[in-house]
1. Condition first: open to solvent by less than 70 Å² (accessible area, probe 1.4 Å), over 26 Å from Asn76 (Cα atoms) and at pLDDT 95 or above. Now tell me which residues in the range 1-38 satisfy that.
2. Quick check: anything in the range 16-36 more than 15 Å from the chain's Cα centre (by Cα) and closer than 20 Å to Leu137 by Cα?
3. Testing Arg148 on (1) more than 18 Å from the chain's Cα centre (by Cα); (2) touching a residue at least 24 places away in the same chain (Cβ under 8 Å), one condition comes back false. Which one is that?
4. Checking Thr78 against (1) open to solvent by 30 Å² or more (accessible area, probe 1.4 Å); (2) touching a residue at least 60 places away in the same chain (Cβ under 8 Å); (3) assigned to a loop (DSSP other than H, G, I, E, B), only one condition comes out false. Which one?
5. Check Gly61, Gly89 and return the single one that is buried (at least 18 other Cβ atoms within 10 Å of the Cβ), of a type outside the set (A, V, I, L, M, F, W, C), at pLDDT 95 or above and not in a helix (DSSP H, G or I).
6. Testing Ala66 on (1) more than 30 Å from Thr27 (Cβ to Cβ); (2) assigned to a helix (DSSP H, G or I), one condition comes back false. Which one is that?
7. Looking at Ser139 and the list (1) buried (at least 18 other Cβ atoms within 10 Å of the Cβ); (2) at pLDDT 95 or above; (3) assigned to a helix (DSSP H, G or I), which single condition is not satisfied?
8. Is it fair to say Ala44 is more than 27 Å from Ala163 (Cβ to Cβ), assigned to a loop (DSSP other than H, G, I, E, B) and not charged (D, E, K, R)?
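The values are calculated or read from the model by the stated rules, or taken from the named source; none is laboratory data. Given the structure is predicted, the values throughout are model-derived calculations rather than measurements. Here the Cβ positions follow ideal geometry from the backbone for every residue, glycine too, while neighbour counts run over all protein chains shown. Note: accessible area is taken over every heavy atom of the protein model, side chains too, but ligands, DNA and RNA are not part of it. Shrake-Rupley method; radii C 1.70, N 1.55, O 1.52, S 1.80 Å.
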Amino acid sequence: MTRTATTSAPLHPLLAQRWSPRSFLHTPVTDDELRSLLEAARWAPSAGNHQPSRFLVGRAGSPAFAAIVEALRPGNRTWAAGAPLLVVGVARLRNDDGTERPSATFELGLAIGQLITQAHALDLHAHAMGGFDAEALASSFSVPDDHRAVVVVAVGHVGSPEALPAELAAREVAERRRLDLADLAFGMRWGEPAL
């Protein structure tokens, strides 16, 4: 199932065809695929090469997977529990000297972006979500106090929309939409389109 975006300028197919499904096949993500995803994240840009991104990995059927699913909000749990792989992106919020690292979540976002793009290159799909209990994850995984779970990503092969509850199935095939560039990119004054 492909859902290529309608764009105002040409995009690389990996970007134009990327979308966030909620229905996944039960086919496991292989060790080689998982290593490739984590390598893509590891080689993301990092300010000063401090590399503040960390990852919690749960495969379907494992205690780690169950703990991640339990931390999800009910709406996400409904569909994400059917994915074969869940990855939690965790940001290290302080440097070695204890000073705050304000760009940590941005750097984690870059790493997650590369993980998602690599997933698509491997014919997998990924769906990032923010609806979860970070404190529950911190407790379950003994996450250090200077780290914070920022995102959970479901990864797998796309399944059928019919496998989802009716409301989610409809969202799975709905038209893809984004704000116009004029609403996102500004010039000298806020709200003044850059293009």
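1. Scanning the range 1-38 gives no hits.
2. no
3. Only one criterion in (1) more than 18 Å from the chain's Cα centre (by Cα); (2) touching a residue at least 24 places away in the same chain (Cβ under 8 Å) is unmet by Arg148, namely (1).
4. Going through the list (1) open to solvent by 30 Å² or more (accessible area, probe 1.4 Å); (2) touching a residue at least 60 places away in the same chain (Cβ under 8 Å); (3) assigned to a loop (DSSP other than H, G, I, E, B), Thr78 breaks only (3).
5. Working: Gly61 fails: buried (at least 18 other Cβ atoms within 10 Å of the Cβ).
Result of the check over Gly61, Gly89: Gly89.
6. Every condition holds for Ala66 apart from (1).
7. Tallying (1) buried (at least 18 other Cβ atoms within 10 Å of the Cβ); (2) at pLDDT 95 or above; (3) assigned to a helix (DSSP H, G or I), Ser139 fails exactly one: (1).
8. Working: more than 27 Å from Ala163 (Cβ to Cβ): yes; assigned to a loop (DSSP other than H, G, I, E, B): yes; not charged (D, E, K, R): yes.
Against the criterion (more than 27 Å from Ala163 (Cβ to Cβ), assigned to a loop (DSSP other than H, G, I, E, B) and not charged (D, E, K, R)), Ala44 qualifies.
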